[in-house]
Amino acid sequence: MESTDDGPPDALRRSPTWLMGQAGIHAQRLLNERMAEAGAHRWHYSVLSALADCGPLSQASLGRHCRLDRSDIAAVVGELEGGGHLVREPDPLDRRRNVVTITAEGDRRLRRLGALAVEAQEDLLAPLDAGERARLIATVERLVEHQAARQGSGWA
């Protein structure tokens, strides 16, 4: 007789790797939906956040910070530059490199995208109280740091 429950098998429901993967899928979906409300993509938020945190960066360094390959970072920078959210100028010390800097318009865009990211996080974490959220963040952070250290790559 066929089961009427369409959920995953019990072995998966008890598997931390499967559960974390499912949570990640939902988290990315929620974030992508919120960013789409502003005509943005999560990489726009990542790039603007990196520039706000680090200051002007070479395009290559910005790509490394955001874990984007050369062609992807060039495309994202081009989109954000087209919207007036950043400027890309030749590095005065090395004309072969571009230095990317966030603009005032980019700061405003970052605040808007940040608010949308918070909404997505609130939606994802709605069933958890403040203490559970803090423990979850601390636990997942430890897992990410441990795996990154094992790979010698810093943050994943």
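The values are calculated or read from the model by the stated rules, or taken from the named source; none is laboratory data. Here the structure is a predicted model, which means the values were calculated and not measured. Don't worry about glycine lacking a Cβ; one is built from the backbone with ideal geometry, like all the others, and counts go over all protein chains shown.
Worth a mention:
- Residue within the range 91-101 that is modelled with pLDDT of 95 or more and among the hydroxyl-bearing types (Ser, Thr, Tyr) present: yes
- Screening the range 28-86 for helices (runs of 4 or more DSSP H) wholly inside it with 2 or more residues that are under 16 Å from Arg97 (Cα atoms) returns the ranges 59-66, 70-82.
- Boolean, Leu80 is at pLDDT below 95 and under 19 Å from Leu110 (Cβ atoms): no
- The listed residue being under 17 Å from the mean Cα position of the chain (by Cα) and among the small types (Gly, Ala, Ser), out of Ala115, Ala104: Ala115
- Residue check for Val77: in the same structural domain as Ala36 (by TED's automatic domain parsing), of a type outside the set (S, T, N, Q) and in contact (Cβ under 8 Å) with a residue 40 or more places away in the chain: no
- Boolean, Ile73 is surrounded by fewer than 16 Cβ atoms within 10 Å (Cβ to Cβ) and among the β-branched types (Val, Ile, Thr): no
- Ala149 vs. criteria in a helix (DSSP H, G or I), at pLDDT 95 or above and either closer than 30 Å to Glu37 by Cβ or not assigned by TED's automatic domain parsing to the domain that holds Ile73 (or both): no
- Residue match in the range 88-111 (condition: under 26 Å from Ala23 (Cα atoms) and part of a helix (DSSP H, G or I)): yes
- Selection status of Ala38, surrounded by fewer than 13 Cβ atoms within 10 Å (Cβ to Cβ) and farther than 25 Å from Val144 by Cα: no
- Flag if Glu132 is within 30 Å of Ala23 (Cα to Cα), at pLDDT 95 or above and outside the structural domain of Leu48 (by TED's automatic domain parsing): yes
- Qualifying residue in the range 112-127 (condition: within 22 Å of Ala40 (Cα to Cα) and part of a strand (DSSP E or B)): no
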